[in-house]
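Values in this text are rule-based calculations from the coordinates and carry no lab data. All values reported here derive from a predicted model rather than from experimental measurement. Glycine gets a Cβ as well: all are built from the backbone with ideal geometry, and neighbour counts include every protein chain shown.
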Amino acid sequence: MEEFSEFRNIRAILFDFDNTLVNFEPNSLKALQEVAREIHDYIVDNGFSVSITHEEIYNTLLSISSKFDSEGVYDRTVWFNTLLEKIHVSASKDQVLEWVSLYWSIASMARPFEEVQDTLEFLKKKGYKLGIVTNSDGEGGNKQKRMERYEFIKLFDVVVIGGENNIKPKPSVQPLVYACERLGFQPSQCAMVGDDPVKDCLAAKKAGMMAILVDRQGKVKFAELYADFVIDDMEELQEVF
């Protein structure tokens, strides 16, 4: 791969977390499946006059999660309470938090993508400052604790969690600009790597950064409209930088 001159001024590289560094989606879907099963059992055990299958609950949860994720609402208590309202079922706050805890106990076990550790070590050895800019998991979740499970977290110089500590979540440019400031660089000296064309890439470009889209499955239509550069996997960064 030809080295692009646009990258010569880059001194720091920021990364999204879920579905960029770790393969979060499969575990999230599995977690939603388990929560749907628990909610179905709850409906049956408590005698609610609601005729709904486990699969219908799961599909409704998928629709709700997709909608809220696109809107930047990551609090799973909101997701699950919205589901309950939709299917006319009531539950205590403690019960909802129990389902949230179940969700995160499964979703948090996401594995890093195979090429991540080697790529991060490569970039670190070349002298780049590294950062993570991600969004909060919301009530019942703990993004910082979840990230600390991974060995590669030690390679990062800064971690910024949007939606916490008065920092707006992506796609606001605030967490991106704040990360650049923490690293001591102008946005023009930083690149953002992420899987979301809007929250990661368009936000990065708006902040004045280089935007790199990780599109592993080639699902993003007109990807070049969102990003300055599109890669199939993280390993390609070793050829670019």
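Select from region 126-173 those trypsin sites (Lys or Arg not before Pro) which occupy a DSSP coil region and have at most 14 other Cβ atoms within 10 Å, ordered by residue number. Intermediate values should be presented prior to the final figure.
Details: sites: Lys126, Lys129, Lys143, Lys145, Arg146, Arg149, Lys154; in loops: Lys126, Arg149.
Passing sites in region 126-173 are Lys126, Arg149.
What are the residues whose amide H is under 5 Å from the amide H of Glu139, where those residues sit 5 or more places off or on another chain and H is modelled from the backbone?
Arg76, Thr77
Excluding residues on the same chain fewer than 8 positions from Lys125, give the lysines whose Cα lies under 16 Å from its Cα.
Lys154
Rounded to the nearest 500, what is the chain's calculated 222 nm mean residue ellipticity when only DSSP H runs of at least 4 contribute -39500 (n - 2.57) each, over all residues? Intermediate values should be presented prior to the final figure.
Details: 9 runs with 100 residues, N = 241.
Helix contribution divided over all residues of the chain: -12500 deg cm²/dmol.
What are the ³J(HN,Hα) values, in whole Hz, obtained from phi via the Karplus relation 6.51 cos²θ - 1.76 cosθ + 1.60 with θ = phi - 60°, for each residue of region 187-195 in sequence order, with x given for Gly and Pro?
Ordered by residue, 3J(HN,Hα) equals x, 5, 9, 10, 10, 10, 10, x, 9 Hz.
Is there a quick way to get the dipole size of the chain? I mean about its Cα centre, with the Cβ of Lys and Arg at +1 and of Asp and Glu at -1; what is the value in debye to the nearest 20?
On the way: 27 positive and 40 negative charges, 156 e Å.
I would put it at about 740 debye.
Which entries of Lys30/Lys170; Lys93/Lys145; Lys67/Lys129; Lys93/Lys221 have Cα-Cα distances beyond 31 Å here?
On the way: Lys30/Lys170 25 Å; Lys93/Lys145 23 Å; Lys67/Lys129 34 Å; Lys93/Lys221 40 Å.
Pairs exceeding the cut-off: Lys67/Lys129; Lys93/Lys221.
Please list, ordered by chain and number, the residues whose modelled amide H lies under 5 Å from the amide H of Gly162; skip anything fewer than 5 residues away on the same chain.
Correct list: Thr134, Asn135, Ser136, Lys170.
If you fit an axis through the alpha-carbon atoms of helix 24-45 and take the longest principal axis of the Cα set of the chain, what angle between them do you get, 0 to 90°, nearest 10?
It is inclined by approximately 10 degrees.
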